[in-house]
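The values are calculated or read from the model by the stated rules, or taken from the named source; none is laboratory data. Note that the structure is a prediction, hence the values are computed from the model and not measured. Cβ placement follows ideal geometry from the backbone for every residue including glycine, while neighbour counts extend to all protein chains displayed.
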Amino acid sequence: MRRREFLSQLPVGVIAASGLVPLASARAADAAPTRSYVVTLLDRPALPADFKQFPYVDPAAPKGGTVVLAAIGSFDSFNPFIVRGTAAAEVSRVYDTLLRANADEASTAYGHLAHTIELAADHSWVAFELRPEARFHDGHPLGAEDVAWTFQTLQSQGRPFYRAYYGDVAAVSVESAARVVFHFKTDKNRELPLILGEMPVLPKHWWQGRDFSRPLTDPPLGSGPYRLGHVDMGRSVAYQRVTDYWARDLPTARGLFNFDTIRHEYFRDGTVAFEAFKAGQIDFREENIAKEWATGYDFPALRKGIVKKELLAQHLPTGMQGFAINTRRPIFKDRRVRQALDLAFDFQWCNANLFYNAYTRTNSYFSNSALACSGLPQGEELALLEPYRAQLPPELFTKPFTLPVSDGSGNNRDNLRAALALLQSAGWQVHERKLVDAAGKPFSFEILLDEPAFERVALPYVQWLAHIGVEARVRTVDPAQYQRLLDNFDYDMTVSVFPESDSPGNEQMGYWSCAAAAQEGSDNLMGVCDPAIDALVRRLIAAQTYETLKTAAHALDRVLLWNWYMVPQWYLQSVRVAFWNRFGRPGQKVRTGLEFDSWWVDQRLAEATDAARRAGID
């Protein structure tokens with residue numbers, strides 16, 4: 001989001017659609033509902049009502065060809081909306097949404113299934129008017145009944161995320177075959193129209209007689225640019241481009257979805273998948289391991305230019321990645337214990353010795369954005385925090401938050417000494433080189449992983465913890481088992497990512513609220529449950545201007561950081577991609593760094609590259 005310097009210059013419909021206008025002003029200016037082609041939380045949308053395509057696409061991009069991608073683990077379902085089962089990779093390609101986001105623009109989405117968005121002046125409801133040409137793949141019209149049924153089904157039977165995300169919706173009503181209205185519980189949730197527009201719309205008629213709560217093995221019906229193709233259950237899944245896609249000429253689809261077939265081949269782990277890429281079995285990959293990026297791509301195809309390797313700059317908030325500490329476990333209840341675990345982690349050594357100094361330490365839950373807190377709380381932020389002063393860590397008011405720093409030599413003695421002092425103040429003592437409680441029970445826990453590649457970070461951490469008497473061990477399981485353990489909160493510590501946008505909102509309830517902490521399958525992995533955090537999340541969601549949003553985000557960030565729920569790790573300000581030289585792509589760069597759906601198979605390049613692969617490359 002940008003600040004609202006030019007608010008008075010905006011068209012009324014766009015202002016209302018933003019959800020950030022003070023409600024009294026909106027009522028005074030015009031009590032009638034406003035209609036728009038876009039929902040945005042920005043000062044103004046980047047694209048006019050008559051835009052022809054998104055700026056990062058080539059509208060003349062050729063269609064055709066096959067792209068093969070890698071997936072890790074296995075799958076047993078085509079229903080990604082429920083806790084049960086493991087859904088196939090990218091099955092969401094089958095579905096369309098009411099709005100479609102512009103990847104080059106923050107917090108903005110344009111009418112897709114819906115051609116018009118109408119918003120009440122008092123922000124008590126939003127209506128979506130659907131395009132009459134919208135169709136499911138079986139030719140059945142897509143209408144308001146499908147939208148309402150999808151919403152109700154996700155709320156009642158979907159993952160806990162949906163109940164939190166859509167929690168401020170009081171009811172949904174169908175006013176005509178093409179008009180659906182969502183009625184709100186509050187006029188303070190500025191983000192609701194935008195997040196409702198993100199909802200995939202499912203076919204009510206197709207799901208009749210099927211149990212939505214069970215893993216799905218039938219090919220799902222949707223209205224999106226792809227339908228399910230060939231499937232080898234658990235091993236491979238392909239999606240076929242819908243040649244008569246109803247939205248192919250809309251500006252929200254033009255130049256996108258160019259591959260005829262997108263196939264995902266499943267591999268046991270990332271190492272095997274990388275070898276498959278080098279062997280030419282996989283066409284494109286994003287690299288998330290710094291060591292592989294620095295040393296693993298020295299093979300003949302890359303040296304000969306048949307494989308390309310690029311860093312694509314991105315300009316997005318990077319959120320939080322780190323070791324997530326499950327505070328449901330008794331040994332992690334004390335904040336001092338959690339802080340000690342952070343002191344024991346030597347990021348500087350990891351960055352120098354494992355990551356080729358590629359990363360920046362994550363020091364905020366809203367990292368790489370203006371929403372990250374800094375310094376001491378002052379002014380309105382301090383006023384937000386004051387009512388909870390007695391419940392909050394006292395240092396929050398007197399010290400800027402900082403993470404421990406080492407010299408990277410591997411001799412992290414000062415931080416380990418400080419960690420041990422914190423553990424002793426929390427009641428733990430060293431006995432025969434082991435950290436034990438008053439009853440003699442050792443401090444012991446497990447770090448749960450879903451991929452062997454991350455063991456090279458976790459195992460040094462285990463060794464550092466051993467220096468202060470902590471018995472930590474690493475357990476790596478397959479992705480399906482990993483997901484089940486996470487859904488049941490059956491882990492001590494794991495690695496997790498909490499992504500953030502330019503306009504954080506309802507998803508924060510799923511991340512940090514007491515209600516989410518108690519819901520099986522929720523995103524509140526650390527079991528965060530704190531009245532102050534609940535109140536700050538509500539203030540963030542209710543923020544009506546960018547300044548109030550920023551204030552609430554700073555306060556929330558500060559409280560999360562000082563409670564040490566995670567051992568923060570790192571982020572990268574670019575996207576690493578490697579691909580066999582068989583693709584065309586637009587010349588225009590995109591804010592997200594990568595928008596793969598705008599790429600296409602270049603027939604000339606593909607023929608040459610595929611011939612070289614078949615012949616073998618030495």
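Data overview
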| quantity | calculated |
| --- | --- |
| Helices (runs of 4 or more DSSP H) contained entirely in region 269-351, each with at least 1 residues that are modelled with pLDDT of 95 or more and touching a helix residue (DSSP H, G or I) at 6+ places or on another chain (Cβ under 9 Å) | 270-278, 300-303, 335-343 |
| Hits in region 194-226 (condition: over 17 Å from Ala88 (Cα atoms), out of contact with any His (no Cβ under 9 Å at 6 or more places or on another chain) and outside any loop (DSSP other than H, G, I, E, B)) | Leu194, Ile195, Leu196, Lys204, Trp207 |
| Close pairs from region 425-443: first among the hydrophobic types (A, V, I, L, M, F, W, C), partner not in a loop (DSSP other than H, G, I, E, B), Cβ under 6 Å, at least 6 apart | Ala426/Arg336; Ala426/Val337; Trp428/Leu435; Val436/Pro442; Phe443/Leu435 |
| Yes/no for Asp50 being in the same structural domain as Pro193 (by TED's automatic domain parsing) and either at pLDDT below 95 or closer than 30 Å to Asp283 by Cα (or both) | no |
| For Lys550: the one exception among (1) crowded, with 22+ Cβ neighbours inside 10 Å; (2) basic (Lys, Arg); (3) more than 20 Å from Lys309 (Cβ to Cβ); (4) not assigned by TED's automatic domain parsing to the domain that holds Pro394 | (4) |
| Scan of region 440-465 for residues that are modelled with pLDDT of 95 or more, among the hydrophobic types (A, V, I, L, M, F, W, C) and out of contact with any Lys or Arg (no Cβ under 9 Å at 6 or more places or on another chain), ordered by number | Val457, Ala458, Leu459, Trp464, Leu465 |
| Residue list for region 141-163, restricted to those being in a loop (DSSP other than H, G, I, E, B) and under 25 Å from the mean Cα position of the chain (by Cα) | Gly158, Arg159 |
| Of all residues making up region 461-476, the number that are out of contact with any helix residue (DSSP H, G or I) (no Cβ under 7 Å at 6 or more places or on another chain) and not aromatic (Phe, Trp, Tyr) | 8 |
| Complete set of residues in region 466-480 that are outside any strand (DSSP E or B) and either more than 18 Å from Asp269 (Cβ to Cβ) or at pLDDT below 95 (or both) | Ala466, His467, Ile468, Gly469, Val470, Asp478, Pro479, Ala480 |
| Filtered residue count, region 295-327, keeping only those that are loosely packed, with under 14 Cβ neighbours inside 10 Å, aliphatic (A, V, I, L, M) and over 23 Å from Arg585 (Cβ atoms) | 0 |
| Enumeration of residues in region 505-516 that are free of Cβ contacts under 8 Å to residues at least 40 places away in the same chain and crowded, with 22+ Cβ neighbours inside 10 Å | Tyr511 |
| Of all residues in region 535-552 being hydroxyl-bearing (Ser, Thr, Tyr) and more than 13 Å from Gly379 (Cβ to Cβ), the one that is nearest to the chain's Cα centre (by Cα) | Tyr546 |
